[in-house]
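Data block below; observations after.
The values are calculated or read from the model by the stated rules, or taken from the named source; none is laboratory data. Keep in mind that this is a model prediction, so the values were computed, not measured. Using ideal geometry, Cβ is built from the backbone for each residue, glycine included, and neighbour counts are taken over all protein chains shown.
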């Protein structure tokens, strides 16, 4: 059962990757990257049960967290062209 | 099966990276590459490494990459040749040499391979009795090969100081005054470049539209910090430890800085404090070693720290992990603040 | 699962070489740094692969498990990852400074500017 | 009690001094600390050398774990020798440093400069004493990372690109090194160098081991700037702050040569391995190419710093050549040259530092006639230059003598011819320096300067006098090198 789930997740990862590489807009890519991150979280969780050691779900937690922060960073960069400052519209051409 | 699929995904990502020209996409796909590698390592049983790679490779590296793209203000690489013949030849020769070298290797997962029969068995069999720590990776990292880890902490300290040297006095956003910022009026114009404290960044009128993100982010920060402490304390029992905890701790501040601007985050963790803690962690680690010498053991011998050698080991491991955590957290925060704290508009 | 044999290692080697290729063939400094990252991570994959024991579980002692993965590669690679990210931070900081000093992050353009100065 | 812990303390104390330096936040305090620590390390390493020569290798188990489970520090004659070299140069550069750093590095970065310097020093001191192949990588990276930053502090903007190229090449080299260690680890299961030395020579027929040596050699070849992997070096040395150039040019590549000797001879058993895989002949070939190409390029330089940097590439060729000759005299030549070249390059770069400090340029045309206002500096340049050429009664002569003997022992007369040719080329570029010093009347700008400040001059003169004294009784260091070489070759049997 878990094996099938893993297979499904891997397949989804491949599809999402294709979308990410193909683009064409930056938002496609952001979405793809984010979905990919979510899928890895799923994969870790599934593997935890497959191998009989679900106590490593901590790692999945880290993935989620990192994915969230990276997503904010990427979207902020894409919209405002910087990370640290206040929110202003980016001054150079859109991606 | 999962191994091969993940490896294939990594190959596809890497090939994509050769081909991609948009640097933002390069940074994002590098993150995907790291995440996939980390997943592969979970499958291969290297959970501590996966933990680290996920937080460093996919998190810190992505954020740093974005910050430097913002500062270099370059979206696309100039198209250089995808096929670069001399490079291709060098790479093919190197690859062929490596494949030649693999021919005499023990097979994948072979339990009788020399690396599983020579040094490693002692760690697996005796480390719990000798150090009292069930996570073998932690006990080897912190005690048996503790000197490597001291070196590793020094490397991250070097990076922190190095980034300070390189970018430390670049064009900063004006320093925030947290009290003024808290009461900042709506619709205020963004800070003029170079004018110290003229206007308050991070609180322009557009903030209202980011309310969901800001409230949500603020709610998340305490659990993230708590999770960092958990990772720090739980490192002996499960995956985790000082390094991972440091990165997660720093990521809470990074999140805060992303939502409210670096000047606000700097007000919480001022540069002078970070510089102190950056140094403090290394000193704690090296100092524990010196304490071992003074108490009559060898350098980094924790057994002499308490009456019972195993207790001494546990104490020593906790202390040095604390040192690692402090230095890593300060280094990551310093590096991020220095990168993201530069105002990209002030150059040219 | 006898099939993989050395095949896995070959894929890892292919990965390394892609990273290596990016470093030496691409002129964009940011891309070079990320290529370096790919190269290093692939070497890490190689290390972790050799620590794998058939049927072994993560090297955290727990009742009910007898075979564990080799912990040493994990320990070494933890150190190496940290070294990698440290190098990356310094490298990117240098790229930013180079952009400020030369106005470009393309290798060939910078080389031209360097020549002008002498 | 302290003496037992000496091998570790001289690494850990500089390491701890670095964070303290950050906390102090004061350039003068940082300098004082660096001076004290490097001075202490120098004295300690001298004591250690005497101890090791009289009583044999010292082993220290870090953490109290016996090797190969724990990390071992192991000091034999060769490592103590390299240790003394690094510590001596590190200490003298610090005496030299204060005014020079004030002139070249912004005041508010001064303390960070000394922090980086201490870290670099720690890294380079750590490599010779460690008995663990992976630990060596960690210290290599500490020293490399800090040297990238140190180089980027140069005043010219090209220092930044030089540092970046060094970073890329250095990291590639380090990754190759890690890969090589991984291959070795895979077939032996150990990382301890002594343990590896006991296992690897019996496995020379295994292809994985052969490739491991190849990757380790290429990796370290990048670090030691062997032709054709030398491209990062000239600009890095030319544009770095003077003190950094003095220290790195004298020590960094030498430590990489040490690592290569350690790996090729101690770990792989030298000739045993070379019988299966002709790495020795490859090294001889590239060593000779380095010698000639480096010297040829040096002849055409007008910037003294770049001239000396190319000369470094040429001189590294001598060391690699000696390494590849794989007999007692050749190897002894390589060992001696580690020390000789460190001393000579430190003298010459310090002299250039004095000149830049006073005249403000390192261009041969701008510094014409500097011997008149700066006679002491010019005299040191002459001593250093003659030694570089290998004139009799200088340190360089000992090297050349041993290498020539080594080449003739193997009946490679053409190697001897190339050595002589490279020395003649060295004479050409050294002559350009000396001619610039003495044969031209000083311009108004040059005539108006004074000798460099006393501390800088003190360091320079101390080094020069030391080389002359050591060279007068050349047999002392020559015999030591021969004994060391015999040990290295003996360990392979």
If you take the residues of region B:260-289 that are within 10 Å of chain D (Cβ to nearest Cβ) and out of contact with any helix residue (DSSP H, G or I) (no Cβ under 7 Å at 6 or more places or on another chain), which of them is modelled with the highest pLDDT? B:287
Would you confirm whether any residue within region A:48-63 is more than 7 Å from chain B (Cβ to nearest Cβ) and farther than 26 Å from residue B:236 by Cβ? no
Residues of region C:22-34 being under 19 Å from residue B:93 (Cα atoms) and either at the interface with chain B (Cβ under 7 Å from one of its Cβ atoms) or touching a residue at least 24 places away in the same chain (Cβ under 8 Å) (or both), which ones? C:22, C:24, C:25, C:26
Can you tell me how many residues in region D:186-208 are without any contact (Cβ under 8 Å) to a residue 60 or more places away in the chain and at the interface with chain B (Cβ under 8 Å from one of its Cβ atoms)? 7
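Here's the yes/no breakdown for (1) within 7 Å of chain B (Cβ to nearest Cβ); (2) under 19 Å from the mean Cα position of the chain (by Cα); (3) over 14 Å from residue C:29 (Cβ atoms):
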residue	(1), (2), (3)
C:64	no, no, yes
C:69	yes, no, yes
C:75	yes, yes, yes
C:81	yes, yes, yes
C:84	no, yes, yes
C:102	no, no, no
C:105	yes, no, no
C:108	no, no, no
Name the residue, out of D:177, D:166, that is touching a residue at least 12 places away in the same chain (Cβ under 8 Å), farther than 30 Å from residue D:98 by Cβ, buried (at least 24 other Cβ atoms within 10 Å of the Cβ) and away from chain B (no Cβ under 11 Å). D:177
Would you check if residue B:296 is surrounded by fewer than 23 Cβ atoms within 10 Å (Cβ to Cβ) and over 16 Å from the mean Cα position of the chain (by Cα)? yes
If residue B:3 satisfies every condition in (1) more than 30 Å from residue B:159 (Cα to Cα); (2) within 14 Å of chain D (Cβ to nearest Cβ); (3) within 26 Å of the chain's Cα centre (by Cα) but one, which is the exception? (2)
What are the residues in region D:103-133 that are in contact (Cβ under 8 Å) with a residue 40 or more places away in the chain and surrounded by fewer than 24 Cβ atoms within 10 Å (Cβ to Cβ), if any? D:103, D:104, D:105, D:107, D:109, D:110, D:111
List every residue pair whose Cβ atoms sit under 6 Å apart, with the two residues 6 or more apart in sequence or on different chains, where the first one lies in region D:252-277 and is farther than 28 Å from residue D:146 by Cβ and the second, anywhere, is assigned to a helix (DSSP H, G or I) and modelled with pLDDT of 90 or more. D:268/D:213; D:277/D:210
State the number of residues belonging to region B:39-81 that are more than 8 Å from chain C (Cβ to nearest Cβ) and not in a helix (DSSP H, G or I). 3
Evaluate region C:5-21: report whether one residue or more is out of contact with any helix residue (DSSP H, G or I) (no Cβ under 7 Å at 6 or more places or on another chain), part of a loop (DSSP other than H, G, I, E, B) and at the interface with another protein chain (Cβ under 7 Å from one of its Cβ atoms). yes
Do we find that residue B:13 is in contact with a helix residue (DSSP H, G or I) (Cβ under 6 Å, 6 or more places away or on another chain), closer than 18 Å to residue A:65 by Cα and either at pLDDT 90 or above or within 14 Å of chain D (Cβ to nearest Cβ) (or both) in this structure? no
Considering residues of region B:1-50 that are in contact (Cβ under 8 Å) with a residue 60 or more places away in the chain and surrounded by fewer than 24 Cβ atoms within 10 Å (Cβ to Cβ) only, the residue farthest from residue C:40 (Cα to Cα): B:19
Any idea which residue in region B:131-141 is farthest from the other protein chains (Cβ to nearest Cβ), counting only those that are over 14 Å from residue D:69 (Cβ atoms) and not in a loop (DSSP other than H, G, I, E, B)? B:138
Residue C:37 passes all but one of the listed conditions (1) closer than 19 Å to residue D:164 by Cα; (2) at the interface with chain B (Cβ under 7 Å from one of its Cβ atoms); (3) at pLDDT below 90; the exception is number (3)
Matching option when the condition is in contact with a helix residue (DSSP H, G or I) (Cβ under 8 Å, 6 or more places away or on another chain) and farther than 16 Å from residue D:150 by Cβ, among D:96, D:91: D:91
With the requirement that a residue be out of contact with any strand residue (DSSP E or B) (no Cβ under 7 Å at 6 or more places or on another chain) and more than 10 Å from chain D (Cβ to nearest Cβ), what does region B:106-130 give you? B:107, B:108, B:109, B:110, B:111, B:112, B:125, B:128, B:129
Check residue B:97 against each of (1) touching a residue at least 60 places away in the same chain (Cβ under 8 Å); (2) within 14 Å of chain D (Cβ to nearest Cβ) and name the one condition it does not meet. (1)
If a residue has to be closer than 26 Å to residue B:228 by Cβ and more than 9 Å from every other protein chain (Cβ to nearest Cβ) to count, how many in region A:1-38 make the cut? 2
Tally the residues that are part of a helix (DSSP H, G or I) and closer than 26 Å to residue D:79 by Cα, restricting the search to region D:182-210. 18
